[in-house]
Amino acid sequence: MGELISIVVPAFNIERYIERCVKSILAQTYSFIEVIVVDDGSVDHTAAIIDHIAERDDRVKVIHKQNGGVSRARMDGIRKASGEWIGFVDGDDFIEPNMFERLLQNALTYHADISQCGYQMIFPDGHVDYYYNTGCVEKQDKITALGELLSGERIEPGLWNKLLHRRLFHSLLQEETLLENIKINEDLLMNYWLFKAADSVIYEDICPYHYILRRGSAATSKKKNHITDPLYVMNIIKNDLQGNRLLYPTAYSRYMRILIGVSTQNQWKEEGRKARERLKEEIRCGELSNCNSRKLQLMALGTTYALPVYRIIRKIYDTLTGASKKYDI
């Protein structure tokens, strides 16, 4: 294996984590890499730390820019990348030494455009959830991989557990298919376009990526775009798949789950009202039949016409399962 891997690391105000992240990449058993760290307008010591690392290792390249969000930071990193393969690591996470060697070996062995693995989610109290660490290896065609990406089954919508062939990014770099103001689920949208461009995907369910849950990160935020962005992203994907009999029901079902979630939340009342109006319109137009789950259809009807009852049932379910509190840190 002699193919260069470019690893893009977006970084914004993560002075406590960025050195650990970059050092874990530089310690890879596959050493033919370049690390492109994009300082997205940090106002703490992040910029100074990565500049210092770059001075000591010429595999590290640094981009300093005004804050523009993680999507724009990643795209700037991709434009600077020289590698045949491109990977991503978030600046507050870290990886095990053999991650990119395994990903590249799998890509070459199975002639795949995308190679991906599982990951471990690390909570502040030290608890670890594995997704999923079964050890299985599976090659997937485009339709199967896209279906799992959209359904959320096994395939993580993040970019950071994948190695992607450079050619997949050509259209993204040429066209305005990404909306760089999206803060949540922006990686799902980018993955959607990348998976559409791929011919095949290889998946090995090992967990060398350490995803750190921390206060103040996008994943744990309670801002308005935490509910509006996912709905916006899935609407884009759903509309793009209109007429695709194999994938549209999966995309539509995920869209409906998000719409139901927005409809029933309490914090952003106006957004909830708008979502319930959209649900009514979906039911009125007969679109609910596109759902691939009878349970989801009943949830949509309950949310629309019996919201107080649905909220009670949902609260009981969340209390019994702990689902609503899992990411409260």
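The values are calculated or read from the model by the stated rules, or taken from the named source; none is laboratory data. This one's a predicted model, so the numbers in the text were calculated from it and none came from an experiment. Positions of Cβ are backbone-derived with ideal geometry, glycine not excepted, and every protein chain shown enters the neighbour counts.
Some notes on this structure:
- Within the range 155-200, the set of residues being assigned to a loop (DSSP other than H, G, I, E, B) and at pLDDT 85 or above comprises I155, E156, P157, G158, L159, W160, N161, I184, N185, A198, D199.
- Y110 being closer than 25 Å to I33 by Cα, of a type in the set (F, W, Y) and surrounded by fewer than 19 Cβ atoms within 10 Å (Cβ to Cβ): yes
- With respect to (1) part of a helix (DSSP H, G or I); (2) modelled with pLDDT under 95, the lone exception for L149 is condition (2).
- Wholly enclosed strands (runs of 3 or more DSSP E) of the range 1-85 bearing at least 2 residues within 18 Å of W160 (Cα to Cα) and touching a residue at least 12 places away in the same chain (Cβ under 8 Å): 5-11, 33-40
- Criterion: outside any strand (DSSP E or B), crowded, with 19+ Cβ neighbours inside 10 Å and in contact with a Cys (Cβ under 6 Å, 6 or more places away or on another chain) - qualifying residue of G91, G118: G91
- One residue stands out among those in the range 122-152 that are more than 24 Å from R254 (Cβ to Cβ), touching a residue at least 60 places away in the same chain (Cβ under 8 Å) and of a type in the set (V, I, T): the one that is surrounded by the most Cβ atoms within 10 Å (Cβ to Cβ), which is I122.
- Some residue of the range 90-98 being closer than 24 Å to K196 by Cα and touching a residue at least 40 places away in the same chain (Cβ under 8 Å): yes
- The residue pairs whose first member lies in the range 282-294 and is in the same structural domain as K238 (by TED's automatic domain parsing) and surrounded by 17 or more Cβ atoms within 10 Å (Cβ to Cβ), whose second member is of a type in the set (F, W, Y) and modelled with pLDDT of 95 or more, and whose beta carbons are closer than 6 Å, counting only pairs six or more residues apart or on different chains, are N290/Y252.
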